[in-house]
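Colleague: Handing you this structure, nothing more for now.
The values are calculated or read from the model by the stated rules, or taken from the named source; none is laboratory data. Small disclaimer: the values here were computed from a predicted structure and weren't measured. Cβ placement follows ideal geometry from the backbone for every residue including glycine, while neighbour counts extend to all protein chains displayed.
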Amino acid sequence: MSLPAVAVSQSPEDRFREYLASRPKPQRFTEQQRELVEHVFAQHSHFDAEQLIEELGKAGRNVSRATVYRTLTKLVDAGLLRKIELGPKTLFDHDYGYPWHEHLVCEGCNTIIEFQHPGIEAALNDIAAQHQFRAEAHTLIVRGICASCSAARANRRRMVM
């Protein structure tokens, strides 16, 4: 399922600039940060920091490793990206300009499938209300085996028998 972008009042770059300016100690928006934000929001995909560094290099963008790691943390803090912890690996996903969604993660091939279901959102709202809890965010990751990996396992079992 491909999630459509949603209308937002500011571009990711403008929102990040605003975030940096509103910090207790305002920070400037650098050219390296601009290149990174532009690259990250040019397409919707899950990525880790090392993949991003490699992609930026291939694209001829001169962004240092330290800047990538620092800026990713700031983009999460600014509400533009969210972290997805998958064991020892941390992936990043768009949190700004895309609808809230959940993830199915295949333990066999590491495929990530995005999905939305209104019942999940309703259930979480009901649970929060029952506990007089104001939910501000959530992350749901369902781990399992995708159809392709299930079929491959079944074929291997048939061959052994």
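Colleague: Quick one: would you say ALA151 is surrounded by 12 or more Cβ atoms within 10 Å (Cβ to Cβ), more than 24 Å from PHE47 (Cβ to Cβ) and not assigned by TED's automatic domain parsing to the domain that holds PHE92? Walk me through how you get there before you give the answer.
Modeller: On the way: surrounded by 12 or more Cβ atoms within 10 Å (Cβ to Cβ): no; more than 24 Å from PHE47 (Cβ to Cβ): yes; not assigned by TED's automatic domain parsing to the domain that holds PHE92: yes.
The answer is no for ALA151.
Colleague: Test SER45 against the stated conditions and say whether it is closer than 30 Å to ARG153 by Cβ, in a loop (DSSP other than H, G, I, E, B) and not assigned by TED's automatic domain parsing to the domain that holds ILE141.
Modeller: Values: closer than 30 Å to ARG153 by Cβ: yes; in a loop (DSSP other than H, G, I, E, B): yes; not assigned by TED's automatic domain parsing to the domain that holds ILE141: yes.
When the stated conditions are applied, SER45 passes them.
Colleague: Further, regarding this structure: Only residues that are farther than 21 Å from SER64 by Cα and surrounded by 11 or more Cβ atoms within 10 Å (Cβ to Cβ): list them for the stretch 20-35, please. Talk me through it step by step, then tell me what you get.
Modeller: Step one: filter the stretch 20-35 for residues farther than 21 Å from SER64 by Cα, giving 21-26.
Result: ALA21, ARG23.
Colleague: Test VAL37 against the stated conditions and say whether it is over 24 Å from THR139 (Cα atoms), touching an Asp or Glu at 6+ places or on another chain (Cβ under 6 Å), touching a residue at least 12 places away in the same chain (Cβ under 8 Å) and not in a strand (DSSP E or B).
Modeller: Working: over 24 Å from THR139 (Cα atoms): no; touching an Asp or Glu at 6+ places or on another chain (Cβ under 6 Å): yes; touching a residue at least 12 places away in the same chain (Cβ under 8 Å): yes; not in a strand (DSSP E or B): yes.
No; evaluated as a whole, the condition is false for this residue.
Colleague: For residues that are touching a Leu at 6+ places or on another chain (Cβ under 9 Å) and part of a strand (DSSP E or B), scanning just the stretch 63-89, find the one that is farthest from GLU18 (Cα to Cα). Step through it out loud before you land on a result.
Modeller: Let us first name the residues in the stretch 63-89 that are touching a Leu at 6+ places or on another chain (Cβ under 9 Å), namely 63, 67-68, 71-72, 74-75, 78, 81, 83-85.
Checking which are part of a strand (DSSP E or B) leaves us with 81, 83-85.
On the way: LEU81: 15, LYS83: 21, ILE84: 24, GLU85: 27 Å.
Among those that are touching a Leu at 6+ places or on another chain (Cβ under 9 Å) and part of a strand (DSSP E or B), it is GLU85.
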